1. Taking only the range 103-115 into account, find how many residues are in contact with a helix residue (DSSP H, G or I) (Cβ under 8 Å, 6 or more places away or on another chain) and open to solvent by less than 80 Å² (accessible area, probe 1.4 Å).
2. Would you confirm whether any residue within the range 9-22 is assigned to a loop (DSSP other than H, G, I, E, B), within 26 Å of ARG142 (Cα to Cα), at pLDDT below 90 and not polar (S, T, N, Q)?
3. Could you please give the count of residues in the range 250-295 that are touching a Phe, Trp or Tyr at 6+ places or on another chain (Cβ under 9 Å), over 22 Å from GLU320 (Cβ atoms) and among the hydrophobic types (A, V, I, L, M, F, W, C)?
4. Hey, can you tell me all the residues within the range 117-148 that are in contact with a helix residue (DSSP H, G or I) (Cβ under 7 Å, 6 or more places away or on another chain) and of a type in the set (Gly, Ala, Ser)?
5. Only one residue in ARG288, ARG314, ARG322 is touching a helix residue (DSSP H, G or I) at 6+ places or on another chain (Cβ under 9 Å) and modelled with pLDDT of 90 or more. Which one?
6. When you go through GLN271, GLN316, GLN312 one by one, which is the residue that is out of contact with any Cys (no Cβ under 6 Å at 6 or more places or on another chain), open to solvent by 30 Å² or more (accessible area, probe 1.4 Å), touching a residue at least 40 places away in the same chain (Cβ under 8 Å) and not in a helix (DSSP H, G or I)?
7. Just to be sure, is LEU85 touching a residue at least 60 places away in the same chain (Cβ under 8 Å), within 27 Å of VAL338 (Cβ to Cβ) and either open to solvent by 20 Å² or more (accessible area, probe 1.4 Å) or not small (Gly, Ala, Ser) (or both)?
8. If ARG300 passes every condition in (1) open to solvent by less than 50 Å² (accessible area, probe 1.4 Å); (2) modelled with pLDDT of 95 or more; (3) in a strand (DSSP E or B) but one, which one does it miss?
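The values are calculated or read from the model by the stated rules, or taken from the named source; none is laboratory data. Predicted model only: the values in this text are computed from it and were never measured. All Cβ positions, even for glycine, are placed from backbone atoms using ideal geometry, and neighbour counts span all protein chains on display. Note: areas computed on protein heavy atoms with side chains; ligands, DNA, RNA excluded. Shrake-Rupley method; radii C 1.70, N 1.55, O 1.52, S 1.80 Å.
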Amino acid sequence: MELPTAESLPSERDALIRLVRGVVLAQGNAFIKELLRSRGVKIGTTKADFQENMVQAIERGELQRQHVDYWLNEVEGWGNQHVYLLKLSKSICNDPAWRDPRRIEKKVLGAGFTKQWNAHASLEYPPVHTLTGIYFEDGVLRFVWHKGLEFWLRDKTKDYREEIDADTYEFRASRLRGERAVTRFEIRPFDGLAAIFVQIAVDDEEHKTVVQDVKSTVDRVWPFDELEPFAVASVIKRLDTRSLAQGEISAHSTRLNSAGAYVEFGATSAQSGYQDFTPVREVRRAVRPASFTGTTGTFRVPTIDTDGKTRQVRIQLYGEQRRIKLASQMTATEVWSVLHLIRENV
């Protein structure tokens with residue numbers, strides 16, 4: 001079945017243009033350039049150029065719904081988020097249903113998610129946290145939620161003065177900007193992993209509500225209690241130890257607890273790792289990690305994109321909460337490369 005094009009459906013074209021002016025432009029410049037480059041669209045040098053060129057490409061039919069759908073799945077809401085990594089039991093990984101998409105579809109539809117199953121990527125900005133799609137592709141079962149966010153962005157270039165009834169009025173302009181918060185749940189039986197991805201700040205009460213909503217929603221399709229929270233505390237100790245070799249992993253700060261006391265190592269510069277300083281590194285070498293529990297850790301680790309290119313990104317680990325904070329914007333491929341690194345260092 002051929003997907004509808006922006007050219008053939010004016011209402012969808014308008015929605016796509018609105019999405020470009022909000023969600024797309026909220027992404028990093030490097031990611032936007034990749035979208036334009038992949039479609040042979042003129043790029044430009046500023047976000048204003050990106051917007052103008054993308055809108056023109058949509059109106060000409062060169063940039064269509066399916067192109068943006070594919071791109072959004074890879075970049076929207078990935079990185080700059082909290083992750084709860086989960087381990088799958090052998091029974092889940094070995095379930096024959098994963099080898100038959102029709103059985104997965106039956107489970108999802110049987111749970112009452114007919115509208116969400118294989119839905120087009122949402123172009124909406126729902127006012128509340130809303131499940132917008134469920135997909136099974138390449139062995140991955142994915143749930144996606146959206147919530148619209150709107151705010152006023154000051155635009156001094158549109159300010160003006162006007163004489164009205166012999167008085168001078170000054171009008172100060174702000175532009176309404178729309179963005180979206182994205183929440184995802186993915187289960188990957190071939191990896192033995194699942195994860196909840198949340199963009200909402202952890203100190204926001206809604207964060208807990210959203211996580212619980214994810215669990216209760218997924219539970220309608222697959223028993224959530226069969227998923228085991230990952231031992232993040234162990235990962236903190238392992239990455240911290242690896243950082244002492246001063247290789248590709250750098251520990252900016254680490255806190256280790258033991259029987260009512262703790263030791264903490266950290267660098268004063270955000271760009272440095274504490275292990276870069278010989279006296280501190282030698283003190284850390286005297287610590288026996290087996291006697292401690294990893295409490296918190298901030299690291300710079302390598303990530304790999306679809307082209308095999310690597311770059312360093314910042315992550316924060318919280319042992320007691322079993323939570324991972326990805327503090328850099330990434331693509332989906334990069335995020336999962338980091339999660340694989342974490343799995344390998346449990």
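1. The qualifying residues number 2.
2. No, because not a single residue in the range 9-22 is assigned to a loop (DSSP other than H, G, I, E, B), within 26 Å of ARG142 (Cα to Cα), at pLDDT below 90 and not polar (S, T, N, Q).
3. So the answer is 3.
4. Within the range 117-148, ALA121, GLY139 meet the criteria.
5. When all the criteria are applied, what remains is ARG322.
6. Answer to the check: GLN312.
7. Against the criterion (touching a residue at least 60 places away in the same chain (Cβ under 8 Å), within 27 Å of VAL338 (Cβ to Cβ) and either open to solvent by 20 Å² or more (accessible area, probe 1.4 Å) or not small (Gly, Ala, Ser) (or both)), LEU85 qualifies.
8. Evaluating ARG300 over (1) open to solvent by less than 50 Å² (accessible area, probe 1.4 Å); (2) modelled with pLDDT of 95 or more; (3) in a strand (DSSP E or B) leaves (1) as the failure.
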